[in-house]
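First comes the structure, then the notes that go with it.
The values are calculated or read from the model by the stated rules, or taken from the named source; none is laboratory data. Quantities reported herein were computed from a predicted structural model and do not represent experimental measurements. All Cβ positions, even for glycine, are placed from backbone atoms using ideal geometry, and neighbour counts span all protein chains on display. Note: accessible area is taken over every heavy atom of the protein model, side chains too, but ligands, DNA and RNA are not part of it. Shrake-Rupley method; radii C 1.70, N 1.55, O 1.52, S 1.80 Å.
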There are 2 protein chains.
Amino acid sequence: LQLLDVPVPIPAANDVLIKVQYAGICNTDIEITKGYMSGFHGIPGHEFIGHVVHATQSSLIGKRVTSEINCYCGTCSYCKNALQRHCPHRTVLGIDKRNGTFAEYVSVPYNTLIEIPSQIPDTTAIFIEPLAAALEILEQIVIRASDSVLLIGDGKLAQLIGLVLQSTQCKLTVLGKHPEKIAVFTNQGIKAVSNDITLSERFDIVVEASGSPDAFIKGLSYVRPRGTVVLKSTYAGTFDFNPVSIVINEITLIGSRCGNLNDAIRFLLKTDLDLSFLISEIIPFERALDAFKKSQEKGVMKIVLSMEAV
Amino acid sequence: LQLLDVPVPIPAANDVLIKVQYAGICNTDIEITKGYMSGFHGIPGHEFIGHVVHATQSSLIGKRVTSEINCYCGTCSYCKNALQRHCPHRTVLGIDKRNGTFAEYVSVPYNTLIEIPSQIPDTTAIFIEPLAAALEILEQIVIRASDSVLLIGDGKLAQLIGLVLQSTQCKLTVLGKHPEKIAVFTNQGIKAVSNDITLSERFDIVVEASGSPDAFIKGLSYVRPRGTVVLKSTYAGTFDFNPVSIVINEITLIGSRCGNLNDAIRFLLKTDLDLSFLISEIIPFERALDAFKKSQEKGVMKIVLSMEAV
């Protein structure tokens, strides 16, 4: 990871150029610096807000926007079936074959651009992308108020998932690791306990968002027969595994990745949530390398880079 | 594994006593002899047909029957929600806390007894239990005629799964290992190819029934984004695994175990299938130890023990 002077990108034919205002550091960004996307070399970053500075449609200039992170072809069978996020020809902002948002300027395709309604403050809007990833769970499975749900994890994404699960009025329990992060859940009215505790209950649904293979194994032991485990974490490297309990207990395991950013905007408008409590610090862009270090410190939640003074 | 003289079981209050006629050797039986159910000591065997010789209801005497293998409590929340096969208090015929059917006589609870309609010949009826396990897939997921489905495996259970999948009129491909077993599929009008071949297609649904962890990993690589992998195999021991493709491609992985025996009977009555082509040999019970060896030989399908001469 280096901070470099690079030219302002020249937008492709159907792209718009955005001046980045804020960009959040996500665990995926940290994993990328460790080689998670081995083929990727370029500018990371995919959670952001900014303002359009160049576009073919002049009405867009000056708009406060963010962007879907999956940039798709629009013509394949996935795109035609509303599965653009799985387009096999996709590039992914700051993750795969496309420069990202840890920069003063970023170029994104016009068809992925999303205008942010004025009711949503900047310090909440910065969470639109990870909130969409949390909401993706509700697009994949039905969660009823009568369901008992266990969420494993207490990090940035887990906190957003907690809010999304809470909105279903399900019977929610969170297993966290760090006392200060468990307290963040508790402050939101969510029942959260230390993962030192052994639970006697078996849950209808378990969501693993801790990023630990041990938690994945634990999650499988905490779900009831015929229950569902939602996997939001990716892990670096392999681990020892035997899926026998998945078969004997007829568990459904569902992988869950990115969501629809418009769903996140609708959720924020409906709930009027202020997510700024999840920001640990806003750090000027010239201190980006420090910000990356800080975001990996114990107890730190979202670190946001500010390009405003640049 | 030993052949021993043991007393005829004395049926418990709500049990019936059955004189076993035929009992099929299943891969689970072989795994049990290798320690798969480490807590189990007793008589294995769970695929069988026989005749009632003792019952409180005298009308049952002489009936040709088989039995559900999961013997349940009938009062817990699983039993009350039609999930008796997941009753946490269950015993399982020849697998867990209950003697099985590799014996002249077996005692089973009255409420698990199933009478076999006269239209179904003995050499087809012996497959009712594994056929129910194959049909369990259709209870768990919807398979449309438009779905492309890959079945991995060519053994006894895989052959039954092939027939079940074929009945949905889906676009079915089988990946097999042994030429003679691939030919069994082909004889049934099912497209089957050697697993040496690399397929370029990605499938809507993949069913892993080969019993090989490598096939599990391969199955994950052959399913399309947002597709479904049904896991019918259990594996001895752990293996190296990283679920990252499950997350990135948002795969649904579903474990699938036993099915409802009445569903299998309805399926046989509707399709009029003769399953005797899956029997490699019927071996007298006194040669049971040879039969176990034989059932593990290359190219051998179902070995059935006959207790008729005993």
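A few notes on this one:
- Every residue from region B:13-60 that is hydrophobic (A, V, I, L, M, F, W, C), open to solvent by 60 Å² or more (accessible area, probe 1.4 Å) and at pLDDT below 95: B:A13
- Residue in region B:1-10 that is in contact (Cβ under 8 Å) with a residue 40 or more places away in the chain and of a type in the set (D, E) present: no
- Taking the criterion of being within 13 Å of chain B (Cβ to nearest Cβ), farther than 20 Å from A:L160 by Cβ and of a type in the set (V, I, T), the only residue of region A:198-218 that qualifies is A:I217.
- Any hit, region A:204-225, residues being over 16 Å from A:A133 (Cα atoms) and touching a His at 6+ places or on another chain (Cβ under 6 Å): yes
- Residue selected from region B:172-194 under the condition in contact with a Ser or Thr (Cβ under 8 Å, 6 or more places away or on another chain) and open to solvent by 40 Å² or more (accessible area, probe 1.4 Å), by the criterion farthest from B:Y222 (Cα to Cα): B:P179
- Residue list for region B:66-89, filter: within 28 Å of B:A23 (Cβ to Cβ) and in contact with a Cys (Cβ under 7 Å, 6 or more places away or on another chain): B:I69, B:N70, B:Y72, B:C73, B:Y78, B:C79, B:R85, B:C87, B:P88, B:H89
- When region B:237-296 is filtered for residues that are open to solvent by 60 Å² or more (accessible area, probe 1.4 Å) and either in contact with a Phe, Trp or Tyr (Cβ under 8 Å, 6 or more places away or on another chain) or basic (K, R) (or both), the ones remaining, listed by number, are B:T238, B:D240, B:R266, B:K270, B:I282, B:R287, B:K293, B:K294.
- Candidate set from region A:73-116 (those that are without any contact (Cβ under 8 Å) to a residue 40 or more places away in the chain and among the hydroxyl-bearing types (S, T, Y)); member that is farthest from the other protein chains (Cβ to nearest Cβ): A:T75
- Here is the figure for region B:222-232: residues that are open to solvent by less than 10 Å² (accessible area, probe 1.4 Å) and part of a loop (DSSP other than H, G, I, E, B) total 0.
- Members of region A:121-145 that are touching a strand residue (DSSP E or B) at 6+ places or on another chain (Cβ under 8 Å), under 20 Å from A:L253 (Cα atoms) and not hydrophobic (A, V, I, L, M, F, W, C): A:Q140
- Only a single criterion out of (1) touching a strand residue (DSSP E or B) at 6+ places or on another chain (Cβ under 6 Å); (2) part of a strand (DSSP E or B) is not satisfied by B:F216, namely (2).
- Of residues in region B:234-268 being under 28 Å from A:H86 (Cα atoms) and of a type in the set (G, A, S), the one farthest from the other protein chains (Cβ to nearest Cβ): B:S245
- Scanning region A:239-259 for residues that are over 23 Å from A:D154 (Cα atoms) and part of a loop (DSSP other than H, G, I, E, B) returns A:N242, A:P243, A:N249, A:E250, A:I251.
- Just one residue in the set A:L131, A:L135, A:L231 is touching an Asp or Glu at 6+ places or on another chain (Cβ under 7 Å) and within 30 Å of A:H51 (Cβ to Cβ); that residue is A:L135.
- Verdict on A:S210 being open to solvent by 20 Å² or more (accessible area, probe 1.4 Å), part of a loop (DSSP other than H, G, I, E, B) and closer than 15 Å to A:M301 by Cβ: yes
- A:I143 being in contact with a Ser or Thr (Cβ under 9 Å, 6 or more places away or on another chain) and surrounded by 19 or more Cβ atoms within 10 Å (Cβ to Cβ): yes
- Residue count for region B:186-207, restricted to those that are in a helix (DSSP H, G or I) and either of a type outside the set (V, I, T) or more than 23 Å from B:L273 (Cβ to Cβ) (or both): 1
- Annotation: of all residues in region A:20-51 being within 17 Å of the chain's Cα centre (by Cα) and small (G, A, S), the one that is farthest from A:S210 (Cα to Cα) is A:A23.
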